[in-house]
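Shown next, in structure tokens, is the structure this report addresses.
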Amino acid sequence: MRQKTAIIFFTLWALSPTLAQELTGDQIIERVDEIMNPQQMQAEMTMIIETSSGELREFVYQSYSKNHGEKNLMRYLKPSKLRGNGTLMLNYSDDIWAYFHKTKRVRKLAEHAKRQKMEGSDFSYEDMGSGNAFVMDYAAERLEDEKVEGIDCYVVELTRKENSDAGYSRLIMWVDKSNFVPLMLDYYDLKDAELKLKYLTMSDVEVIQGIPTPKRMVMTNTLDNSQTMMEINSVNYEVDLDDNLFTERGLRE
Amino acid sequence: MRNMIFLSLILVLVALGNCKEPDFFGYFEPQLMTFYSHKSDDWALLNSNKLRLDIEVKPGKKVKFGANVNFYNYYGTTAYNLLDYLSPEITAIAQPHEQYYEFAYKDSIELDNVYLRMSFQYADVTVGIQQISYGTGYAWNPTDIFNRKDVLDPTYEQPGHNAVRFDVPLNRNVSMMVIYAPGDNWNVPTALLRLKARLGRFDFSFCGTTTPWKQTFYPVLGYREEERILVGGDLVGQLMGLGVWIEGAYNHMQLTEDFWEMTAGLDYTLRNELYILGEIYYHSEASSSSDDYTLNDWMSYFSGLTRTIGQSQAYVFIQYPITDLIHISSSIIGCINDESVALVPQLNYSLFQDVELTVFGNLYMGNEGTMYSKDLGNGGQIRLRVYF
């Protein structure tokens, strides 16, 4: 009930054009963070990679999230090669454990492991993981508003904070003014802030249990023209996830 | 034994017939291995086929049955004599009983897992044959009394062990694992207690194990069993951006010399995704010079009783994804005492969604009589794995 009230209040507040125009970059990013990291979430996702050989490869996994992205658990359902493998990320992905089903081994990974690509896709674990990265790792500055495919958007530039371990020098985000869903996100190289590495587009936005949810995400690598598509097959924000799920015991299940 | 396994399989399949949604999966792994024998001045070729068939079923929300059967088939040069790969000084004393050192790969069927896991509010209980792996080391795990990793291929699956295992979460950050493995004799089991906890960015654990330890002494082929009590611990976490870990154990032996083992390592992923891992290992009772290696040391190493022959070893692993489908990597393993090195270059090509091709090299570069002597047989392997 409290969650529904908060969502209604938030939606009314977000739709208020006078107030919205006065939003700073930080405030917009905080709203994005709230939308993208709900209190709890259980989802089944499909990731389709177009490989350099032109073949399409499909990965299906279950994703569980709690405390606005502070706890995350991911478990592969497909393909057979990865079936049963999982990743547990706590403290906004500062602590990571990987479970390998065929050897029944759990291995704690350091943060640098987030730099690796997720199964050869255009998403790194860093792109997938830490819920509050936009707020914690980057300083936000609002740029001039633009339209993306006819939709009014805030444009926010996120510049990497000095002591941050983020993998990009800056990000530029186009945020739908009506619901605070980021529709497009450009990623720039850590060393060359002018070099765009890849961009993410989010579409097929549906309001599910009161939360605007982009059901389709496409990451395009501008350097090698590869593409990874991610779709939400099902999602439940009203699920009650036990804390025990986000433990090594939960990871092994 | 085979009849028993087949009977078990039939019983399992009949039982599964009454359960809903059993999952069948696994992989087929044909492998071609070749290596050069300096003694016979010839290349040997060993081919194998492995079929791993997994079954998992959840008869209830808190109950899980899991099993996997491995079918192995070998052909080519399946038999060889271990003495052909050792220095003449070592083999001289074994010559009268040369036949005892012959080894043959035989077609076999093995169970790595046949277990029932029941989840209760305060514990998970797993009964049956199960893979048991713990410890923070990558190439060596001094606290793991059940397994010894192949340092040339340390992430390969380990065999299962017949045991009863209890996993008990004590609170959010502390858990306890208790294992009772009866082995050959109910009165002399292997028993393990391991406490694991989180503190800041680190996981650490303490463990105590007791086990009946069997040893064969070469060349007299004497046999002895003694009690081994292991007390150890491990730590893994992050320090200045690096992944770091340490694992060590003190072993009290009832009849032979006590010893301790330790491993420590670190890893890092660069921005360009180059992954680097380094690890060192020390065994207090192993020989510090190749002049002191004995036939018994070599045979204990080959049979998996010990993790080393030389006292100190170092391991380096480097991996880089050259495309989304191809990873290249190399392991460099060195025995610090005798200055011998083995190089394992590797190429991994993801051919299709569930088809992987791996090409390994096994290049031993040490002098005669050293731990990674070129006499051990340079060669390589081609491994294809098809998951289903």
Which residue, of A:242, A:204, A:192, A:176, is loosely packed, with under 15 Cβ neighbours inside 10 Å, free of Cβ contacts under 8 Å to residues at least 60 places away in the same chain and under 17 Å from the mean Cα position of the chain (by Cα)? A:204
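Hey, among B:297, B:291, B:338, which residue is surrounded by fewer than 18 Cβ atoms within 10 Å (Cβ to Cβ), more than 14 Å from chain A (Cβ to nearest Cβ), over 18 Å from the mean Cα position of the chain (by Cα) and not in a strand (DSSP E or B)?
On the way: B:297 fails: surrounded by fewer than 18 Cβ atoms within 10 Å (Cβ to Cβ); B:338 fails: surrounded by fewer than 18 Cβ atoms within 10 Å (Cβ to Cβ).
It is B:291.
Output the residue which, of all residues in the range B:243-276 that are away from chain A (no Cβ under 14 Å) and polar (S, T, N, Q), is nearest to residue B:230 (Cα to Cα). Talk me through it step by step, then tell me what you get.
The initial filter retains those residues of the range B:243-276 that are away from chain A (no Cβ under 14 Å), namely B:248-264.
Now narrow it down to the ones that are polar (S, T, N, Q): B:251, B:254, B:256, B:263.
On the way: B:251: 4, B:254: 11, B:256: 14, B:263: 15 Å.
Restricting to residues being away from chain A (no Cβ under 14 Å) and polar (S, T, N, Q), the top hit is B:251.
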Filter the range B:350-379 for residues that are part of a loop (DSSP other than H, G, I, E, B), touching a Gly at 6+ places or on another chain (Cβ under 9 Å) and touching a residue at least 40 places away in the same chain (Cβ under 8 Å); the one that is farthest from residue B:28 (Cα to Cα) is B:370
Within the range B:60-83, take every residue that is hydroxyl-bearing (Ser, Thr, Tyr) and not in a loop (DSSP other than H, G, I, E, B) and give me the one that is modelled with the lowest pLDDT. B:80
Quick one: would you say residue B:145 is touching a residue at least 40 places away in the same chain (Cβ under 8 Å), open to solvent by less than 50 Å² (accessible area, probe 1.4 Å), closer than 24 Å to residue B:301 by Cα and not acidic (Asp, Glu)? yes
For the range B:226-254, name all the residues that are assigned to a loop (DSSP other than H, G, I, E, B) and closer than 18 Å to residue B:264 by Cβ. B:240, B:241
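Of the residues B:156, B:138, B:105, only one is open to solvent by 20 Å² or more (accessible area, probe 1.4 Å) and either in contact with a Cys (Cβ under 7 Å, 6 or more places away or on another chain) or more than 10 Å from chain A (Cβ to nearest Cβ) (or both); which? Can you show your working first?
Working: B:156 fails: either in contact with a Cys (Cβ under 7 Å, 6 or more places away or on another chain) or more than 10 Å from chain A (Cβ to nearest Cβ) (or both); B:138 fails: either in contact with a Cys (Cβ under 7 Å, 6 or more places away or on another chain) or more than 10 Å from chain A (Cβ to nearest Cβ) (or both).
Result: B:105 is the single residue among B:156, B:138, B:105 that is open to solvent by 20 Å² or more (accessible area, probe 1.4 Å) and either in contact with a Cys (Cβ under 7 Å, 6 or more places away or on another chain) or more than 10 Å from chain A (Cβ to nearest Cβ) (or both).
Please verify whether residue B:309 is within 14 Å of another protein chain (Cβ to nearest Cβ) and either under 28 Å from residue B:80 (Cβ atoms) or without any contact (Cβ under 8 Å) to a residue 60 or more places away in the chain (or both), treating the condition exactly as stated. I'd like the intermediate steps shown before the answer.
On the way: within 14 Å of another protein chain (Cβ to nearest Cβ): no; either under 28 Å from residue B:80 (Cβ atoms) or without any contact (Cβ under 8 Å) to a residue 60 or more places away in the chain (or both): yes.
So residue B:309 fails the test.
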Lone unmet requirement of (1) more than 13 Å from chain A (Cβ to nearest Cβ); (2) closer than 24 Å to residue B:29 by Cβ; (3) open to solvent by 20 Å² or more (accessible area, probe 1.4 Å); (4) not in a loop (DSSP other than H, G, I, E, B) for residue B:344: (3)
For the list (1) surrounded by 14 or more Cβ atoms within 10 Å (Cβ to Cβ); (2) away from chain A (no Cβ under 14 Å), I need the number of the one condition that residue B:185 fails. (1)
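Do we find a residue being in contact with a Gly (Cβ under 8 Å, 6 or more places away or on another chain) and open to solvent by 20 Å² or more (accessible area, probe 1.4 Å) anywhere in the range A:207-229? Quick ask: steps written out before the conclusion?
First pass over the range A:207-229, keeping only residues in contact with a Gly (Cβ under 8 Å, 6 or more places away or on another chain): none.
The answer is no; no qualifying residue exists.
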Go through the residues of the range A:44-52 one by one and say whether even a single one is modelled with pLDDT under 90, closer than 30 Å to residue B:352 by Cβ, more than 19 Å from the chain's Cα centre (by Cα) and open to solvent by 30 Å² or more (accessible area, probe 1.4 Å). yes
Among residues belonging to the range B:196-225 that are among the small types (Gly, Ala, Ser) and either at pLDDT 95 or above or part of a strand (DSSP E or B) (or both), point out the one that is farthest from residue B:143 (Cα to Cα). B:222
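State yes or no: is residue B:320 buried (at least 17 other Cβ atoms within 10 Å of the Cβ) and of a type outside the set (Lys, Arg)?
Numbers: buried (at least 17 other Cβ atoms within 10 Å of the Cβ): no; of a type outside the set (Lys, Arg): yes.
For residue B:320, the condition - buried (at least 17 other Cβ atoms within 10 Å of the Cβ) and of a type outside the set (Lys, Arg) - is not met.
Please find, within the range A:64-86, the residue that is farthest from the other protein chains (Cβ to nearest Cβ) out of those that are open to solvent by 20 Å² or more (accessible area, probe 1.4 Å) and over 21 Å from residue B:24 (Cα atoms). So that I can check it myself, show each step before the final result.
Of the residues in the range A:64-86, the ones open to solvent by 20 Å² or more (accessible area, probe 1.4 Å) are A:64, A:66-68, A:70, A:72, A:75, A:77-78, A:80-81, A:83, A:85.
Next, only the ones that are over 21 Å from residue B:24 (Cα atoms) stay: A:64, A:66-68, A:70, A:72.
Numbers: A:64: 16, A:66: 13, A:67: 13, A:68: 18, A:70: 13, A:72: 16 Å.
Looking at residues that are open to solvent by 20 Å² or more (accessible area, probe 1.4 Å) and over 21 Å from residue B:24 (Cα atoms), I get A:68.
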If you check residue A:162 against the conditions, is it away from chain B (no Cβ under 14 Å), free of Cβ contacts under 8 Å to residues at least 24 places away in the same chain and open to solvent by 10 Å² or more (accessible area, probe 1.4 Å)? yes
Is the range B:265-286 home to any residue that is open to solvent by less than 20 Å² (accessible area, probe 1.4 Å), touching a helix residue (DSSP H, G or I) at 6+ places or on another chain (Cβ under 8 Å) and of a type in the set (Ser, Thr, Tyr)? yes
Among residues of the range B:195-209 being more than 18 Å from residue B:243 (Cβ to Cβ) and open to solvent by 60 Å² or more (accessible area, probe 1.4 Å), the residue farthest from the other protein chains (Cβ to nearest Cβ) is B:206
Residue check, residue B:55 touching a Pro at 6+ places or on another chain (Cβ under 7 Å), within 14 Å of chain A (Cβ to nearest Cβ) and either under 30 Å from residue B:278 (Cβ atoms) or surrounded by 15 or more Cβ atoms within 10 Å (Cβ to Cβ) (or both): yes
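Quick grid of which residues meet (1) assigned to a loop (DSSP other than H, G, I, E, B); (2) free of Cβ contacts under 8 Å to residues at least 40 places away in the same chain; (3) of a type in the set (Ser, Thr, Tyr):
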site: A:89; (1), (2), (3): no, no, no
site: A:92; (1), (2), (3): yes, no, yes
site: A:97; (1), (2), (3): no, no, no
site: A:114; (1), (2), (3): no, no, no
site: A:120; (1), (2), (3): yes, no, no
site: A:126; (1), (2), (3): no, no, no
site: A:134; (1), (2), (3): no, no, no
site: A:142; (1), (2), (3): no, no, no
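Which of the residues belonging to the range B:135-165 are among the aromatic types (Phe, Trp, Tyr) and farther than 23 Å from residue B:69 by Cβ?
Pass one, the range B:135-165, residues among the aromatic types (Phe, Trp, Tyr): B:138, B:140, B:146, B:156.
Correct list: B:138, B:140.
The values are calculated or read from the model by the stated rules, or taken from the named source; none is laboratory data. None of the values given here were measured: they were computed from a predicted structure. Reconstructed Cβ throughout: ideal geometry from the backbone, glycine too, with neighbour counts over all protein chains shown. Keep in mind that these areas ignore ligands, DNA and RNA; they rest on the heavy atoms of the full protein, side chains included. Shrake-Rupley method; radii C 1.70, N 1.55, O 1.52, S 1.80 Å.
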